[in-house]
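Notes to accompany the following structure.
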Amino acid sequence: MKEKTIKRTLDVDVDGLKGIVKYVIKEMYDLIDDEGFATIKFRPIDEFTMTFSEIEEKEKTLGHSMKTEIYKVYGIM
């Protein structure tokens, strides 16, 4: 079986009551069997949680949004 990466995705889960954001980066890929049939699969690449205040501090330091930084670091298009 061969793997062919399709793209990476970012899932964001916001919990406003607790003031936290959970980021999950996944990779979408085709799993191609010997006959050429492909099945789309996902695998987690990274997962982390930040508080609203941590995000605000980080964005001030970076000069741009967390989304922009995550897209740049993990190669998400």
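Every read-out reported here was derived from the displayed coordinates using simple, explicitly stated rules and does not represent laboratory data. Just so it is clear, the model here is predicted, and its values are computed rather than measured. Cβ sites come from the backbone with ideal geometry, for glycine too, and all protein chains shown count toward neighbours.
DSSP beta bridges confined to the chain are antiparallel in about 100 percent of cases.
Inter-label distance, residue 5 to residue 52: 3.5 nm, where each label sits 7 Å from its Cα along the C-beta direction.
Any chance you could give the angle, 0 to 90 degrees and rounded to 10, that helix 52-62 forms with the longest Cα principal axis of the chain? Result, in degrees: 80.
Relative contact order for the chain: 29 percent, from Cα pairs under 8 Å spaced at least 6 residues apart, divided by residue count.
In terms of other Cβ atoms within 10 Å, 66, 28, 1, 77 run from fewest to most in the order 77, 1, 28, 66.
Seen from residue 66, the other residues with C-beta closer than 14 Å to its C-beta sum to a net charge of -3, counting Lys and Arg as +1 and Asp and Glu as -1. By the helix-only formula, in which each DSSP H run with n ≥ 4 contributes -39500 (n - 2.57) and the sum is divided by residues, the chain has a 222 nm mean residue ellipticity of -7500 deg cm²/dmol.
Taking a spot 7 Å from the Cα of residue 18 along the direction of its beta carbon, which residues of segment 48-65 have an amide N less than 17 Å from it? The answer is 48-55, whose backbone nitrogens lie closer than 17 Å to the label point.
Listed by Cβ neighbour count within 10 Å, with the fewest neighbours leading, 26, 67 appear as 67, 26.
The loop-placed chymotrypsin sites (Phe, Trp or Tyr not before Pro) in segment 35-74, going by DSSP, that have at most 12 neighbouring Cβ atoms within 10 Å of their Cβ come out as 37. Counting Lys and Arg as +1 and Asp and Glu as -1 over every other residue whose Cβ lies under 9 Å from the Cβ of residue 24, the net charge comes to -2.
Treating each Cα of the chain as one equal point scatterer and applying the Debye formula with no solvent, the log10 of I(q)/I(0) at q = 0.12, 0.14, 0.26 Å⁻¹ comes out as -0.44, -0.56, -1.18.
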